[in-house]
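I have placed the structure first, in the form of structure tokens, so that the comments after it can refer back to it.
The values are calculated or read from the model by the stated rules, or taken from the named source; none is laboratory data. Everything quoted here is computed from the prediction, not taken from an experiment. Every residue, glycine among them, receives a Cβ derived from its backbone with ideal geometry; neighbour counts consider all protein chains shown. Ligands, DNA and RNA are excluded from the accessible area calculation, which covers all protein heavy atoms including side chains. Shrake-Rupley method; radii C 1.70, N 1.55, O 1.52, S 1.80 Å.
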Amino acid sequence: MFNLILFGPPGSGKGTQSEKLIEKYGLMHLATGNILREEIANKTALGLSAKGFMDRGELVPDEVVIGMIRSAIENNPGIRGFLFDGFPRTVAQSVALDNLLAEKDAQIDLVLALQVSEDELIDRLINRGKTSGRTDDVNENIIRARIGEYENKTSPVAGHYSKSDKVVKVKGEGSIDDIFNQLTKEIDHKQN
Ligand code: ADP
């Protein structure tokens, strides 16, 4: 298996690049934000329990998202690999993920960390909010809350994977294709 984490703050382009990467490498895309929004749209109990946190720009509790990832991994045996997008977002989620993969004799092979300045992130998210229909992209205070959650709780995830030398930083500003080429260069380097 080849398992990749696409890491970075809200608005860093993880979703855009993930779509291109899964196609090129035949990976399964696991984006916890997308799964949570589907649960909300389907009005499931899980969705209802997550909605308040998401609307406030806070992280959903670890148990909820870890459970979602556990089912996805268990329901997809024999897969070539996963691309994790928006997960893990806390060190506890990273430890849980490492354990789930170890049960399948697998591991995280590479963490690609997109680097984007805070001003650029806020501009991108406000712009996305004009068309995405995402309520958490409309209000600047909610956007700042999400960036705050990222700095406090999520950025330590990079430290967790740096210990095993798995993190590579990639510039997340520039054209979509240039960024994609940088990402594929790192993946190809790792796989060969
Ligand atoms: P973005 O990267 O733009 O913030 P996401 O779709 O990844 O967008 O996440 C939207 C929201 O979903 C987050 O603000 C958070 O409330 C929730 N969420 C998504 N993934 C996780 C996770 N791994 N742990 C906790 N909360 C999550």
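Scanning region 17-37 for residues that are in a helix (DSSP H, G or I) and within 11 Å of the ligand (Cβ to nearest atom), which turns out surrounded by the fewest Cβ atoms within 10 Å (Cβ to Cβ)? Full working, then the answer.
Residues of region 17-37 that are in a helix (DSSP H, G or I), as a first pass: 17-25, 32-37.
Filter once more, so that each one left must be within 11 Å of the ligand (Cβ to nearest atom): 18, 32-37.
On the way: 18: 22, 32: 23, 33: 19, 34: 14, 35: 20, 36: 22, 37: 18.
Taking the candidates together, the pick is 34.
Given the conditions (1) surrounded by fewer than 16 Cβ atoms within 10 Å (Cβ to Cβ); (2) touching a residue at least 24 places away in the same chain (Cβ under 8 Å); (3) near the ligand (Cβ under 8 Å from one of its atoms), and given that residue 59 satisfies all but one, which numbered condition is not satisfied?
(1)
For region 62-92, give me each residue that is assigned to a helix (DSSP H, G or I), more than 7 Å from the ligand (Cβ to nearest atom) and of a type in the set (A, V, I, L, M, F, W, C).
Hits for region 62-92 are 64, 66, 68, 69, 72, 73, 91, 92.
Taking interchain pairs and intrachain pairs at least six residues apart, which have beta carbon atoms under 6 angstrom, with the first residue in region 30-56 and without any contact (Cβ under 8 Å) to a residue 60 or more places away in the chain and the second within 11 Å of the ligand (Cβ to nearest atom) and open to solvent by 50 Å² or more (accessible area, probe 1.4 Å)?
40/51
Please go through region 156-192 and pick out each residue that is assigned to a helix (DSSP H, G or I) and modelled with pLDDT under 95.
Hits for region 156-192 are 190, 191.
Could you please find all residues in region 111-151 being under 21 Å from residue 6 (Cβ atoms) and of a type in the set (A, V, I, L, M)?
111, 112, 113, 114, 116, 121, 122, 125, 143, 147
Within region 164-179, which residues are touching a residue at least 40 places away in the same chain (Cβ under 8 Å) and surrounded by fewer than 17 Cβ atoms within 10 Å (Cβ to Cβ)?
Here is the first cut: in region 164-179, the ones touching a residue at least 40 places away in the same chain (Cβ under 8 Å) are 166-173, 176, 179.
169, 171, 173, 176 - these are the residues of region 164-179 that are touching a residue at least 40 places away in the same chain (Cβ under 8 Å) and surrounded by fewer than 17 Cβ atoms within 10 Å (Cβ to Cβ).
Keeping to region 93-135, report how many residues are within 17 Å of residue 54 (Cβ to Cβ) and either open to solvent by 20 Å² or more (accessible area, probe 1.4 Å) or more than 11 Å from the ligand (Cβ to nearest atom) (or both). Please lay out each step first, then the result.
First, pick out the residues of region 93-135 that are within 17 Å of residue 54 (Cβ to Cβ): 93, 125, 128-129, 132-135.
Add one more test, that the residue is either open to solvent by 20 Å² or more (accessible area, probe 1.4 Å) or more than 11 Å from the ligand (Cβ to nearest atom) (or both), and what stays is 128, 132-135.
Total satisfying the criteria: 5.
Collect the residues in region 38-48 that are loosely packed, with under 14 Cβ neighbours inside 10 Å and part of a helix (DSSP H, G or I), keeping them in residue-number order.
Residues satisfying the conditions are 38, 41, 45, 48.
Select from region 5-29 the residues that are in contact (Cβ under 8 Å) with a residue 40 or more places away in the chain and more than 23 Å from residue 146 (Cα to Cα) and list them in ascending order.
First, pick out the residues of region 5-29 that are in contact (Cβ under 8 Å) with a residue 40 or more places away in the chain: 5-18, 20-22, 24-29.
20, 21, 22, 24, 25, 26, 27, 28, listed by residue number.
Tell me, yes or no, whether region 135-143 has at least one residue that is more than 14 Å from the chain's Cα centre (by Cα), assigned to a helix (DSSP H, G or I) and of a type in the set (Ser, Thr, Tyr).
Let us first name the residues in region 135-143 that are more than 14 Å from the chain's Cα centre (by Cα), namely 135-143.
Next, from what is left, pick out any that are assigned to a helix (DSSP H, G or I): 135-137, 140-143.
Remaining after also requiring of a type in the set (Ser, Thr, Tyr): 135.
Scanning region 135-143 turns up at least one residue that is more than 14 Å from the chain's Cα centre (by Cα), assigned to a helix (DSSP H, G or I) and of a type in the set (Ser, Thr, Tyr).
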